[in-house]
Structures are given as structure tokens and as C-alpha cells.
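Written below as C-alpha cells is the structure these notes are about.
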Amino acid sequence: MTRFDALLVLLLAPLLVYTTLVAQSHGFGLLPLFFQAIAERGWQGQFNFDFLTFLVLSACWSAWRFGYGVKGWALAVLAFFGGMPYLATTLFLLRRRHGSDWAALLLPPKAD
């Protein structure tokens, strides 16, 4: 396992534990609270809006990386709603497939 793979695991594991604990305590009503904070125009809303832009960028990269077909758009939706768990898992699996070839990992496969 490379240092990057270890970083992905170190980011993902505690996030999944934390998410599970929050979901057990507060349920899954995130979206109204998320957008309410943005509407209030405070620092929590600024953070949420900033995070929302990262989700959009992750979704755009996923759609592009996986070819804009059904698979690409399905993964884009998963990226948008899945956040870091989606992105860390995807990058980890791509690292397993492509090793240290970062171009193959990050760019779409070349058309034959």
C-alpha cells in the first residue's frame, strides 16, 4: 500500500464511523439543514457552499473520467451524493488497477 492509499484509508475510515454516529443520533435529514445554513449566509453556510462546489467538481470529473455514458452519469450522481466516501473509494480502486500511472488513473481511457 502506498502512502496515498494509506491517506485515502485514513480519510475514509474515521469519516464512515463519524457519519454512522451522526446518522444514528440525528437521522438522515441532512439536505434541509445543509441548504438552510447556506440560506442563512453565516460561516456554516459558507462552508457548506464551498463543500457543495467540491461535490459538483467531483461529479463533473466522474462523468468525464468514465465517459459521459450511463456509467459516467451514474457515477457522477454517486459522486455528488457520496462525497468523500465515493471519491476515496474510487481513487483507491483506480490506484489498484493503474498503480502509479497517474495519467491512467485521472484521465479517461483513450479511445481505440
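Just so it is clear, none of the values below were taken in a lab; they were calculated from the coordinates. Computed from a prediction, not measured in an experiment: that's the story for all the values here. Please note: Cβ atoms are built from the backbone with ideal geometry, for glycine as well, and neighbour counts cover all protein chains shown.
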By residue number, the members of region 5-40 that are touching a helix residue (DSSP H, G or I) at 6+ places or on another chain (Cβ under 6 Å) and closer than 15 Å to G83 by Cβ are L8, L11, L12, L15, F34
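Based on this model, can you work out whether L87 counts as touching a residue at least 24 places away in the same chain (Cβ under 8 Å) and either in contact with a Phe, Trp or Tyr (Cβ under 6 Å, 6 or more places away or on another chain) or in a helix (DSSP H, G or I) (or both)?
Values: touching a residue at least 24 places away in the same chain (Cβ under 8 Å): yes; either in contact with a Phe, Trp or Tyr (Cβ under 6 Å, 6 or more places away or on another chain) or in a helix (DSSP H, G or I) (or both): yes.
Yes.
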Criterion violated by R95 - all others in (1) of a type in the set (D, E, K, R); (2) in contact (Cβ under 8 Å) with a residue 24 or more places away in the chain; (3) outside any helix (DSSP H, G or I) satisfied: (3)
Among (1) in a helix (DSSP H, G or I); (2) more than 27 Å from D5 (Cα to Cα); (3) basic (K, R), there is one condition R41 misses while meeting the rest; what is its number? (1)
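Considering only residues of region 62-80 that are assigned to a helix (DSSP H, G or I) and touching a residue at least 24 places away in the same chain (Cβ under 8 Å), which is nearest to L12 (Cα to Cα)? Before the answer, list the steps.
At the first step, the residues of region 62-80 found to be assigned to a helix (DSSP H, G or I) are 62-65, 70-80.
Still in the running and touching a residue at least 24 places away in the same chain (Cβ under 8 Å): 62, 64-65, 79-80.
Values: S62: 18, W64: 23, R65: 21, A79: 14, F80: 16 Å.
Applying the filter and picking the extreme gives A79.
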Scan region 1-27 residue by residue and report those that are more than 18 Å from the chain's Cα centre (by Cα) and either within 29 Å of W102 (Cβ to Cβ) or part of a loop (DSSP other than H, G, I, E, B) (or both). M1, T2, R3, G27
